[in-house]
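Okay, so here's the structure we're looking at.
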Amino acid sequence: MLPLRVYPSDTCPMSAPPVRTRRLSLLSTGELDRARVLDTLINNLDGMAYRCLLDANWRMIFVSQGCLALTGYSADELVHGETLGWEDITHPLDRARVRGQIESAVALGQRFAAEYRIRTESGQIKWVIERGIGVLDEQGELVLEGFIEDVSSQHALLQARQQAEQRYRSIFEHASEGIFQTTVEGRYLAANPALARLYGYPSPEALMCSLDDIGRQLYVKSSQRERFRQLMEVHGEVLNFESEVYRADGTRLWISENAHVVRDAEGRALYYEGTVQDISERRRYQEELERQANHDMLTGLPNRILLADRVEQAIARADRLGYYLAVVFIDLDNFKFINDSLGHGAGDELLKAIAARLQHCVRGTDTVARLGGDEFVLLLSDHFRASTVISQLRRVLSEIGQPVMLSGREFHVGASLGVAMYPADGEDSDTLLKHADTAMYAAKNSGRNTFQFFTRELNRVADERLNIEAALRHAIEHDELEVHYQPKADHRRRIVGVEALARWIHPEYGPISPDRFITIAEETGLIAPLTTAVLRRAFAAARGWNRQSSMPLRIAVNLSARLFLSGDIVAHVAGLLQEAQLPPALVEIEITETVFMGDSDAVVGILRDFKALGVQLAMDDFGTGYSSLSYLRRFPLDIIKIDRSLVTGIEHEEEVAMIARAVISLGQSLRKTVVAEGVENPAQFDFLRFQGCHEFQGYLLSRPVREHEITELLQAGGVLAAPAARPGSGFAPLA
Ligand code: C2E
Ligand code: MG
Ligand code: MG
């Protein structure tokens, strides 16, 4: 504590002598010191300490020196003046309110604080705050004691702030742009009515309640919010950030956002705030402009400009996926004639009809473009063989060749197609188009309504394929396909079943691999009669063997995915079983993974129908696909056939061995029969046997052989000797 120094009243360095009251004059010497200190303090405060009567005029009994600065009246005038009371100084408009406030506080024995205006001696209006309390004076009379200070400047500041806030609020409320504040995580802290309107909510509150995860609920592309957040993190702001968003009713609109991060003193992000503009109209306009610049107005197809772009994209895709890309130049054969004789109107109709047909022949990843006149270009992606391109080209020719009605008459239009393949025939858009164009002229010269590849080799392949197709059709019609049977043995090499494999020996080309002719059969629809022929023979053979032998012998047949998903396959197989009088329990249907890639409900339905028929179901070539394991659990399969690729090398490649081991144990745990395909040597056989594989098929045990050879094997006891392994190609040429 500082030692208190006592000054005589007239020598106090800080203040003029206070107005003495009765109370002060009665103090003892010890108390006087304290009173002096109090006086000094009080008189040096900004403001006025007082004691007054609770009368109608608030007459002052004591006021401190601050009185003069506060009111312009001296303390003397106020205390001793006959007429001047605090009531007179109080602003007339505030008098009643202040009196009410003070009187009720006093009645309750409480402190009060009242804010009001006073009028000073010079007529100036000041805002003051008066804090005080009712106390009993030395005579036991109720008086008011307190302190009044000038708060005009704070008041002005507050008022200015309120007005400013009012102005900002008004901007916020009435802005035509959406304004928001959100947490970094994506919850709204504030939204204005324009934003609510923009997003289709009845009020900002409704918007804030409904959207509690902006990233997930607002943006059509859910990664947008993350991009927004990243930009905010890196740059502290986003400018003209365009996104498509959902309205409350699920419709979409395009917006542009400008926003920044609001941080605390330490630089931590507190929240984001920004504005939103509806740019749907502009986007539509832009898109329309782009569409007009990039599309052919008559047909709506991409034009030459967009085509170049698409070729580049398709090339990148082909590189990425390791597929071929075919660039096909199409020129209509009779267009000039129709245009000249029927007029441009009819010509346009024809072009539109052709455009629609072309679009019908392509897949989602393909492009149909019109270069002008009667020239169209197709980009056919995702082909991993020339043969599938050929099938698609034939479909295109056949679609274009359908009759068209023009001016009430039926016309037939042909087309010449020229094909350039990427990467063989060119590595960029210009070269590919030029070569496709060259090939198209060759097609025109070779008799129209046909196609030509730029590369001669491919033309040869195409020709050959057409020949093979015709020959296959002929072979099926004349029942010239054969069926060979490859035994499947148990771990003691006893034959437990055989797999029927189609064989075809072409009079000119010699034996053709099933891998080749089955694909052609699938692409041309010949697979249905082919399968019927194979099944008919196989079932009849199986029935013969089972009659002769006391041991049941199962027959496995392959069903192509194409056929599997077509209509009445189960009924068809049931009919063939019936015809052969073969018990369904002796039959295994082998299907490949492609079957499972279709509509899985439909697939499960068909699989169940097969099970109900009583046949067994095997997954062929297991391990070659991607999600084979998940299929095993979902679909009712009895047998897993481990693909040859997982058997080859099993004896000396640890990785292959490991996968095979895992597949076998998985099969066992799911209670499936595990069959190994392509067992070519004793080491593989021993390894697989040791791992607990149930059945074995492969050149080690037997190649696919003719029916009578199986009969002989069975008659000899049905146990397969182990010949020295012979290198095989997977296709056993006929002896
Ligand atoms: P798949 O059903 O996986 O048939 C097994 C293939 O492996 C047969 O080839 C068989 O000859 C061959 N193979 C068997 N053991 C060995 C071996 O130890 N080493 C080697 N390197 N190969 C072996 P194939 O006969 O050429 O048949 C190929 C594919 O054609 C079959 O594969 C099957 O998917 C299909 N296929 C054959 N016949 C038919 C049929 O009638 N209908 C259907 N839809 N597809 C068939
Ligand atoms: Mg098979
Ligand atoms: Mg197989």
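The values are calculated or read from the model by the stated rules, or taken from the named source; none is laboratory data. Keep in mind that this is a model prediction, so the values were computed, not measured. Every residue, glycine as well, gets a Cβ built from its backbone with ideal geometry; the counts of neighbours run over all protein chains shown.
Okay, residues lined up against (1) in a loop (DSSP other than H, G, I, E, B); (2) out of contact with any Asp or Glu (no Cβ under 8 Å at 6 or more places or on another chain); (3) exposed (fewer than 13 other Cβ atoms within 10 Å of the Cβ):
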site: L325; (1), (2), (3): no, yes, no
site: I330; (1), (2), (3): no, no, no
site: S341; (1), (2), (3): no, yes, yes
site: Q359; (1), (2), (3): no, yes, no
site: R363; (1), (2), (3): yes, no, yes
site: R370; (1), (2), (3): no, no, no
site: L393; (1), (2), (3): no, yes, no
site: S398; (1), (2), (3): no, yes, yes
site: E410; (1), (2), (3): no, yes, yes
Any residue at all in segment 503-517 that is within 25 Å of F696 (Cα to Cα), surrounded by fewer than 17 Cβ atoms within 10 Å (Cβ to Cβ), at pLDDT 90 or above and out of contact with any Leu (no Cβ under 9 Å at 6 or more places or on another chain)? yes
Would you tally the residues in segment 447-501 being under 30 Å from A676 (Cβ atoms) and more than 14 Å from ligand 1 (Cβ to nearest atom)? 7
Can you tell me which residue in segment 706-735 is modelled with the lowest pLDDT, limited to those that are under 56 Å from the mean Cα position of the chain (by Cα) and among the charged types (D, E, K, R)? R726
So, in segment 524-571, of the ones that are within 16 Å of ligand 3 (Cβ to nearest atom) and over 21 Å from G614 (Cβ atoms), which residue ends up surrounded by the fewest Cβ atoms within 10 Å (Cβ to Cβ)? A561
Members of segment 493-515 found to be basic (K, R) and more than 26 Å from D568 (Cα to Cα), listed by number: R493, R494
Can you say whether V679 is over 23 Å from W504 (Cα atoms), in a strand (DSSP E or B), within 15 Å of ligand 1 (Cβ to nearest atom) and not hydroxyl-bearing (S, T, Y), as far as the supplied structure shows? no
Would you mind stating whether A443 is outside any loop (DSSP other than H, G, I, E, B) and within 23 Å of D319 (Cβ to Cβ)? no
Going by the structure shown, is S645 of a type in the set (G, A, S) and either under 22 Å from G497 (Cα atoms) or within 16 Å of ligand 2 (Cβ to nearest atom) (or both)? yes
Which of the numbered conditions does I650 fail, given that it passes all the others? Conditions: (1) crowded, with 21+ Cβ neighbours inside 10 Å; (2) within 16 Å of ligand 2 (Cβ to nearest atom); (3) not acidic (D, E). (2)
Of all residues in segment 502-532, count the ones that are hydroxyl-bearing (S, T, Y) and farther than 26 Å from V675 by Cβ. 2
In this structure, does D638 turn out to be more than 24 Å from R706 (Cβ to Cβ), among the charged types (D, E, K, R), within 16 Å of ligand 3 (Cβ to nearest atom) and over 32 Å from the mean Cα position of the chain (by Cα)? yes
If we keep just the residues of segment 141-163 that are free of Cβ contacts under 8 Å to residues at least 60 places away in the same chain and touching a strand residue (DSSP E or B) at 6+ places or on another chain (Cβ under 6 Å), which is nearest to D46 (Cα to Cα)? V151
Per the filter on segment 300-321, residues over 18 Å from R363 (Cα atoms) and in a loop (DSSP other than H, G, I, E, B) are N303
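Results for (1) among the β-branched types (V, I, T); (2) without any contact (Cβ under 8 Å) to a residue 12 or more places away in the chain; (3) in contact with a Leu (Cβ under 8 Å, 6 or more places away or on another chain); (4) surrounded by fewer than 20 Cβ atoms within 10 Å (Cβ to Cβ), shown as yes or no for each residue.
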residue	(1), (2), (3), (4)
L607	no, no, yes, no
A618	no, no, yes, no
G623	no, no, yes, no
I640	yes, no, yes, no
A662	no, yes, no, yes
L666	no, no, yes, yes
Here is a list of conditions, (1) modelled with pLDDT under 95; (2) surrounded by 14 or more Cβ atoms within 10 Å (Cβ to Cβ); (3) not in a helix (DSSP H, G or I), and P636 meets all of them except one; can you say which number that is? (2)
Positions within segment 453-509 being aromatic (F, W, Y), more than 16 Å from ligand 3 (Cβ to nearest atom) and either farther than 30 Å from V328 by Cβ or assigned to a strand (DSSP E or B) (or both), in sequence order: F453, W504
From the residues in segment 350-373 that are touching a strand residue (DSSP E or B) at 6+ places or on another chain (Cβ under 6 Å) and among the charged types (D, E, K, R), which one is modelled with the highest pLDDT? R370
Which ones in segment 670-688 are surrounded by 24 or more Cβ atoms within 10 Å (Cβ to Cβ), under 16 Å from H652 (Cβ atoms) and within 13 Å of ligand 3 (Cβ to nearest atom)? V679
Name the residues in segment 277-319 that are small (G, A, S) and touching a residue at least 12 places away in the same chain (Cβ under 8 Å), would you? S280, A293, G300, A308, A314, A318
Identify the single condition in (1) in a helix (DSSP H, G or I); (2) within 16 Å of ligand 1 (Cβ to nearest atom) that S566 does not satisfy, given that it satisfies every other one. (1)
Can you find even one residue in segment 640-648 that is at pLDDT 85 or above, within 16 Å of ligand 1 (Cβ to nearest atom), farther than 24 Å from L563 by Cβ and assigned to a loop (DSSP other than H, G, I, E, B)? yes
Restricting attention to segment 253-279, report how many residues are over 16 Å from E233 (Cβ atoms) and surrounded by 13 or more Cβ atoms within 10 Å (Cβ to Cβ). 10
Looking for something under 41 Å from the mean Cα position of the chain (by Cα), surrounded by fewer than 19 Cβ atoms within 10 Å (Cβ to Cβ) and away from ligand 2 (no atom under 16 Å from the Cβ) - is there at least one such residue anywhere in segment 576-591? no
Is segment 596-605 home to any residue that is within 16 Å of ligand 1 (Cβ to nearest atom) and β-branched (V, I, T)? no
Only one of S223, S256, S280, S243 that is under 20 Å from M208 (Cβ atoms) and of a type in the set (S, T, N, Q): S243
Would segment 610-620 turn up any residue that is basic (K, R) and out of contact with any Pro (no Cβ under 9 Å at 6 or more places or on another chain)? no
So which residues in segment 129-144 are assigned to a strand (DSSP E or B) and surrounded by fewer than 16 Cβ atoms within 10 Å (Cβ to Cβ), if there are any at all? R131, I133, V135, L136, L142
Considering residues that are more than 17 Å from A574 (Cα to Cα) and either within 16 Å of ligand 2 (Cβ to nearest atom) or free of Cβ contacts under 8 Å to residues at least 12 places away in the same chain (or both), the number found within segment 531-564 is 4
